[in-house]
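Q: The structure that follows is given in the form of structure tokens.
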Amino acid sequence: QKDDALAVLAKSLGWHLYRGDEEDVLSRFFDLTKMENPSLVVRVCADNFAISPELIDQAVEVCIKRNLDICNPFLKHTYPFGVGAEVATSDALKRVENATRNEEQSYREHIFSWAYNNPGEYSIDTLKAPKFLSRPDINVSVDTDRDLVRLRRVYSELANRETKFDVEDLITTWDRLGLT
């Protein structure tokens, strides 16, 4: 498979590894929930390199406290795009899996898009950034070469603390570099 090198790296680091259908992200998540039986699922996208652990914790807390199916920082986002992750109940994931079995492939790739397109069937909320962190104009998701160049500049400024910066540090660095 094309991701064999990544699988070798994961095994060498002692990580648990599961490889499912390359074309069906939702089935991979669903298979893992059947194997591990978690109450919540956190979806971190591979093109987001500046994920905030604090935002994940906040989304988990909000999901539990408000008895939500899904909580994320993306819909009507106020945080910089790409710093958070989707948190959902395993039950919501199962309902999406069942609802999309015979639907278009995009619902299988963007695993919660079915729920977002059918909000009456799911309880969903978006994390709202406090004013000092509200920067929806910033996008740190890496989808293009230009995105990669920008994020490399940010990380070079944060050298020696690549895993020890928060969203405020990211915004300050972004602004100091004059990125758009």
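The values are calculated or read from the model by the stated rules, or taken from the named source; none is laboratory data. For clarity, every value in this text was computed on a predicted model and none was experimentally measured. Every residue, glycine among them, receives a Cβ derived from its backbone with ideal geometry; neighbour counts consider all protein chains shown. Surface accessibility is based on the protein's heavy atoms, side chains included, excluding ligands, DNA and RNA. Shrake-Rupley method; radii C 1.70, N 1.55, O 1.52, S 1.80 Å.
Q: Considering the dipole of the range 1-133 built from charges on the beta carbon (Lys and Arg +1, Asp and Glu -1) around the Cα centre, which of Leu9, Ile56, Pro38 is farthest to its positive end?
A: Looking along the dipole axis, the top candidate is Ile56.
Q: Relative to the first principal axis of the alpha-carbon coordinates of the chain, what is the inclination of helix 25-36, with its axis defined by its Cα atoms, in degrees from 0 to 90 and to the nearest 10?
A: For helix 25-36, the angle is close to 70 degrees.
Q: Another question, if that's okay. May I ask you to compute the full-extension gain from Asp137 to Arg43, defined as 0.36 nm times their residue separation minus their alpha-carbon distance, rounded to one decimal in nm? Mind dumping the intermediate values first?
A: Working: separation 94, 0.36 × 94 = 33.84 nm, distance 2.25 nm.
Full extension from Asp137 to Arg43 adds 31.6 nm.
Q: Quick one: how many Å² of Val8 are accessible to a 1.4 Å probe, rounded to 10?
A: Taking all protein chains as shown, Val8 has close to 100 Å².
Q: Please state the charge dipole magnitude for the chain, taken about the Cα centre, from unit charges on C-beta atoms (+1 on K and R, -1 on D and E), reported in debye and rounded to the nearest 20.
A: The dipole of the chain has a size of about 380 debye.
Q: How much accessible surface area, in Å² rounded to 10, belongs to the heavy atoms of Tyr116 with a 1.4 Å probe?
A: Answer for Tyr116: close to 50 Å² accessible.
Q: Compute the acute angle (0 to 90°) between the alpha-carbon long axis of helix 90-100 and the principal axis of greatest extent of the alpha-carbon atoms of the chain; round to the nearest 10°.
A: The two axes meet at around 70 degrees.
Q: Can you pull out the cysteines in the chain that have no other Cys Cβ under 4.7 Å?
A: Result for the chain is Cys45, no neighbouring Cys Cβ within the cutoff.
Q: Top mean-square fluctuation among Thr89, Thr163, Thr126, Gaussian network model of the chain, C-alpha springs under 10 Å?
A: In this elastic network of the chain, the residue with the biggest mean-square fluctuation among Thr89, Thr163, Thr126 is Thr163.
Q: Taking a ≥ b ≥ c as the square roots of the eigenvalues of the Cα gyration tensor of the range 1-65, is the shape rounded (a/c under 1.5), prolate (a/b larger than b/c) or oblate? If you can, show how the numbers build up before the last one.
A: On the way: a/c = 2.02, a/b = 1.50, b/c = 1.34.
Prolate shape, in that a/c is at least 1.5 and a/b is the bigger ratio.
Q: Still on this structure, I have one more. Heavy atoms of the protein only, probe of 1.4 Å, neighbouring chains included. What is the accessible area of Trp114 in Å², nearest 10?
A: For Trp114, solvent-accessible area is about 40 Å².
Q: Multiplying the sequence separation of Leu75 and Tyr155 by 0.36 nm and subtracting their Cα-Cα distance, what value in nm do you get?
A: Gain in length upon complete extension: 26.2 nm.
Q: For Cα pairs less than 8 Å apart in space and 6+ apart in sequence, what is the mean separation divided by the residue count of the chain, i.e. the relative contact order in percent? Mind dumping the intermediate values first?
A: Working: 229 pairs, mean separation 40.6, N = 180.
Reported as a whole number, the value is 23 percent.
Q: May I pose another question? Tell me whether the range 29-180 comes out rounded, prolate or oblate; compute the Cα gyration tensor, take square roots of the eigenvalues as a ≥ b ≥ c, and use a/c under 1.5 as the rounded threshold.
A: Details: a/c = 2.05, a/b = 1.80, b/c = 1.14.
Judged from the Cα gyration tensor, the range 29-180 comes out prolate (a/c at least 1.5, a/b above b/c).
Q: Can you tell me the order of 137-149, 76-88 when each peptide is scored by its average per-residue count of other Cβ atoms within 10 angstrom, highest first? Write out the running numbers ahead of the final one.
A: Numbers: 137-149: 14.2, 76-88: 22.5.
So the order, starting with the most tightly packed, is 76-88, 137-149.
Q: By the scheme Lys and Arg +1, Asp and Glu -1, what is the net charge of all other residues having a beta-carbon under 10 Å from that of Thr78?
A: Result for the neighbourhood of Thr78: +4.
Q: A further question follows. At a threshold of 8 angstrom on Cα-Cα distance, excluding pairs fewer than six apart, so keeping six or more, what relative contact order does the range 81-180 reach in percent?
A: On the way: 48 pairs, mean separation 28.1, N = 100.
Computed value for the range 81-180: 28 percent relative contact order.
Q: OK, next. Can you tell me the accessible area per residue over the range 32-99, all protein chains present, probe 1.4 angstrom, in square angstrom? Numbers along the way, then the final one.
A: Numbers: 3350 Å² over 68 residues.
Accessible area per residue: 49 Å².
Q: To test your reading of the geometry: what angle, between 0 and 90 degrees and rounded to tens, separates the Cα axis of helix 145-157 from the longest principal axis of the chain?
A: So the helix axis and the longest Cα principal axis differ by about 60 degrees.
Q: Something else now. When the accessible area of the chain is computed with all protein chains present and a 1.4 Å probe, what percentage of it is carbon and sulfur? If you can, show how the numbers build up before the last one.
A: Details: 5490 of 10680 Å².
So the carbon and sulfur contribution to the accessible surface is 51 percent.
Q: While we're looking at this one, here's another question. Pick out, from Asn118, Phe165, Leu148, the residue whose Cα sits farthest towards the positive end of the charge dipole of the chain, with +1 on the Cβ of Lys and Arg and -1 on the Cβ of Asp and Glu.
A: Phe165
Q: Still on this structure, please answer the following. Taking a 1.4 Å probe, which of Leu75, Leu177 shows the most accessible area, and what order do the others take after it?
A: Details: Leu75 55, Leu177 35 Å².
Order by accessible area, largest first: Leu75, Leu177.
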